[in-house]
Amino acid sequence: MSLGLNWHAVAAIYRFEMARTFRTITQSIASPVLSTSLYFVVFGAAIGSRMGQVEGVSYGAFIIPGLIMLSLLNESISNASFGIYMPKWSGTIYELLSAPVSFVEVVLGYVGAAATKSLMLGLLILATARVFVDYDIQHPVWMVAFLLLTALTFSLFGFIIGLWADDFQKLQVIPLMVVTPLTFLGGAFYSINMLPPAWQTVTLFNPVVYLISGFRWSFYGVSDVHMGVSVAAVLGFMLACLVAIWAMFRTGWKIKS
């Protein structure tokens with residue numbers, strides 16, 4: 001087999017997860033798009049029309065990358081964590097672990113499906129934004145690459161949360177209590193250059209700043225931090241997630257116990 005991987009197993013997991021998405025399309029696709037559309041209406045069309053430009057970009061267009069990133073992070077984590085938690089909850093994960101399937105193939109199937117769903121959602125929200133706000137994409141290749149990198153990285157992070165969680169409540173703790181606040185405080189609705197110098201320094205410790213800044217650069221060529229730093233931050237977090245997943249499968253922590 002190519003690369004020594006059981007691609008039939010990967011495809012089976014991937015198809016199962018994608019089929020689950022289309023069975024619950026209202027919750028998986030329609031609900032996030034509608035929620036984000038409300039942000040475009042309120043902040044983009046209503047408030048944005050009464051505000052000036054931010055770094056040479058109209059406010060309505062300026063917040064588009066931040067809003068897409070907000071949905072992308074939450075949906076990537078939610079899709080991946082729920083996907084792997086359900087086999088744990090139902091007990092079918094033991095069948096998966098006893099099958100001739102490596103942890104690499106399991107991760108490829110679940111994370112690949114979660115990232116695909118998140119990428120579809122991000123592109124759909126981007127298309128929906130055009131209804132409410134005019135915007136330009138100066139670097140479309142970088143935009144798609146950043147979408148893909150972020151979807152993969154946070155799907156890996158969600159996979160870790162799904163393995164770690166002992167109940168449904170824990171699946172929501174990190175997205176609601178950590179990721180969403182960091183996104184709102186990470187420049188989704190403003191440039192960190194608008195903050196006092198001391199708060200600008202504090203904000204740079206927020207990892208989401210680098211995601212939103214890099215993604216916004218792909219649209220308008222403006223960013224709060226250098227594009228190279230943003231890419232390095234995403235790749236570094238991806239590597240950390242891969243190492244964590246490898247360690248969890250190697251030791252069986254939260255999987256076999």
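Are any of the residues in the stretch 197-205 in contact with a helix residue (DSSP H, G or I) (Cβ under 7 Å, 6 or more places away or on another chain) and over 25 Å from L123 (Cα atoms)? There is at least one residue in the stretch 197-205 that is in contact with a helix residue (DSSP H, G or I) (Cβ under 7 Å, 6 or more places away or on another chain) and over 25 Å from L123 (Cα atoms). Taking the criterion of being touching a helix residue (DSSP H, G or I) at 6+ places or on another chain (Cβ under 6 Å), within 19 Å of L38 (Cα to Cα) and not aromatic (F, W, Y), the residues of the stretch 127-166 that qualify are T128, A129, V133. Summed over the stretch 218-250, residues that are of a type in the set (G, A, S) and under 18 Å from V57 (Cβ atoms) total 4. You will find that of F62, F103, the residue that is of a type in the set (A, V, I, L, M, F, W, C), under 27 Å from I212 (Cα atoms) and either modelled with pLDDT under 90 or touching a strand residue (DSSP E or B) at 6+ places or on another chain (Cβ under 9 Å) (or both) is F62 and no other. Cβ separations smaller than 6 Å between residues 6+ apart or across chains give the following pairs from the stretch 28-40 residues that are in contact (Cβ under 8 Å) with a residue 40 or more places away in the chain to residues that are polar (S, T, N, Q): S28/T21; P32/S71; V33/T128; T36/S71; S37/T128.
The values are calculated or read from the model by the stated rules, or taken from the named source; none is laboratory data. This is a predicted model, so every value here is computed, not measured. Because the Cβ atoms are built from the backbone with ideal geometry, glycine has one as well, and the counts that use them run over all protein chains shown.
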